[in-house]
Amino acid sequence: MQHDLTGLSLSSRQPGVAGALDALCHAYVRNGIELPVRLKALIDTDPDYGFAHTLRAAFTLAGSRQADAPVVAEALQKARALACAGNERERAHLAAVQAYAGGDPLLAVRRWADICAHWPTDVFAYRFHHFVAFWLGRPEAMLALARQSLPHWRHEWPVYGPLLACQAFAHEECGLFLAAENYGRRAVELDPGEPWGAHAVAHVIEMQQRHHEGIVWLDSLSANWHDRNNLRHHLWWHLALYHFELGDDARVLELYDRGFRDRGSPLTQAVPDLYIDQQNAVSMLVRLELQGIDVGDRWHELGELALARIGDCTNLFSVPHYLLALLATGRKTEAGAMAEAVRAFAEGGGAGADRVGADQRQSAREALVPVCEAILDRDRGDFDSACDHLRAALGGAFRLGGSHAQQDLFGQLAADCALRADRQDLAALLATRLAGRYGWSLAGRRGYRVLA
């Protein structure tokens, strides 16, 4: 019987499967660009290994694109047909991914947590849980599993550093900054190219307004990311955030064009519409324009890409970004269609509704719909109505997923609307939220300074 790198048994009897699976696991947790190659190698080593097809479905789902549904369906069909030959743990993975694909990602998170409870060294279950819980806006679940799992991880594993990076990010998203920074820095010590650890520390630095230090931190590590995936784009976005707060808009635009939205890079050309890349680009252009900075024609390609996302609610946090891109390029009719699709989705209909469960529709009703309505109101110049919608949404917007730093886009839009509508109530709400959650004052952040 073969075993993976943490000692878990595998059902495949084909020689080389354990090595292929370990290589895939390592590529996944280290955010390596070689993941697709490693996945293909695993399937080629044993085409009848059901767990390999389960993993293919899971990785495809992680792309958060409704257009990929046929690929997911094909992979799951193969996994189900081969499931009888799998072991109990592998079948539990299939059940989790089927829940994710079939309409209930929160159930998938619970099933991955159950796998970790029974097999606490299952790295795939842990990492999928970490990823999906984040995009469900449940950092408390990330932290609970991180703390439960830590005693079972071993320093000699090649994936130990990336697992520490997950510890770091879970702690950061729950506001435990000292522990987060310690875990993140340790992960980077073990591997200077470890992007998730660098990312967790970058978040701590952002939350604590240590912008000069953040620039030094990321600049000192960036040369090590050459073989990592689009997470490096997101790290360059974080670097741009520091420069934005310091008022260096020329450097922000340079990082946009040559870093996180480099349209000539192989990563961008391979997947031009990757959801996280779109979030990075849209949110930065909005921040700049709110400060009166001319961003040139950079909106054009984002608006074109957003057209294909109308009705796609597989990643709720991405939807307002697509809507902003449509409006920025004058596509008001298309923006209206997207907003209507969101309303239908929130009530249990529309394209993609079968991919997300009732809890996600509730998040859509309570947060996504009012955020989208506010964006439409703002485009029409009805800033007072936009304030009403944003005031209603801000408390629950974290359930749309995204980090504190990413979610701050909504706060900056709210600040702009409050200023234009002379809404003291929303200004006061923003002031108390920033002070209570992050220790920030309005005057301490560039996007709120005029409002202060």
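The values are calculated or read from the model by the stated rules, or taken from the named source; none is laboratory data. Keep in mind it's a predicted model, so treat the numbers as computed, not measured. FYI the Cβ positions are ideal-geometry reconstructions off the backbone, even for glycines, and counts take in every protein chain you see. When the accessible area is computed, the model is the full protein with side chains, heavy atoms only, and any ligands, DNA or RNA have been set aside. Shrake-Rupley method; radii C 1.70, N 1.55, O 1.52, S 1.80 Å.
Think of the chain as having a plus end and a minus end, set by charges on the Cβ of Lys, Arg, Asp and Glu; of Y242, L143, S265, L143 sits farthest toward the positive end of this dipole. For a modelled paramagnetic label at E347, 7 Å from Cα along Cα-to-Cβ, the residues of segment 299-326 in reach, with backbone nitrogen under 19 Å, are 311-313. In a fully extended conformation the segment linking E88 and E304 would gain 73.2 nm over its present Cα-Cα distance, using 0.36 nm per residue.
Remark: relative contact order (segment 216-292) = 29 percent; criterion is Cα-Cα distance under 8 angstrom and separation of 6 or more residues. Placing +1 on the Cβ of every Lys and Arg and -1 on the Cβ of every Asp and Glu, with no other charges, gives segment 182-333 a dipole of roughly 280 debye about its Cα centre. With a 1.4 Å probe and every protein chain kept in, tell me what percent of the accessible surface of segment 67-120 is carbon plus sulfur. C and S fraction of accessible area: 56 percent.
Within the set [x] 27.9; [y] 38.1; [z] 19.3, the number that mean projected area of the Cα convex hull in nm² takes when calculated for this structure is listed as [z]. Taking trypsin sites (Lys or Arg not before Pro) across segment 1-97, the ones in a DSSP loop with at most 15 further Cβ atoms lying within 10 angstrom of their Cβ are R13. Relative contact order, whole percent, for segment 263-333 stands at 34, derived from Cα pairs under 8 Å and 6 or more residues apart.
So how tilted is helix 195-207 from the main axis of the chain? Cα-based, degrees 0 to 90, rounded to 10. With rounding to tens, the tilt is 30 degrees. Each Cα pair under 8 Å and six or more residues apart adds its separation to the average, and for the chain the resulting relative contact order is 11 percent. Full extension of the segment from H152 to R258, taken as 0.36 nm per residue of separation minus the current Cα-Cα distance, would add 34.1 nm.
In this label model, H3 and Q424 are separated by 6.9 nm, measuring between points 7 Å along each Cα→Cβ vector. Look at the dipole of the chain built from charges on Cβ: of C174, T6, S220, the Cα furthest out on the positive end belongs to T6. Counting only Cβ charges, +1 for Lys and Arg and -1 for Asp and Glu, the dipole size of the chain around its Cα centre is about 600 debye.
Dipole magnitude for segment 246-361: computed about the Cα centre from +1 point charges on Lys and Arg Cβ and -1 point charges on Asp and Glu Cβ, it is near 160 debye. Once the 1.4 Å probe is applied to the protein heavy atoms, the chain comes out at 37 Å² accessible per residue.
The accessible-area ordering, largest first, of the residues E334, E373, E194 stands as E334, E373, E194, per a 1.4 angstrom probe. Look at the dipole of segment 349-452 built from charges on Cβ: of G447, L429, A415, the Cα furthest out on the positive end belongs to G447. Determine the shape class of segment 5-54: with a ≥ b ≥ c the square roots of the Cα gyration tensor eigenvalues, call it rounded for a/c under 1.5, and otherwise prolate if a/b is greater than b/c, oblate otherwise. Taking the square roots of the gyration eigenvalues as a ≥ b ≥ c, segment 5-54 is oblate.
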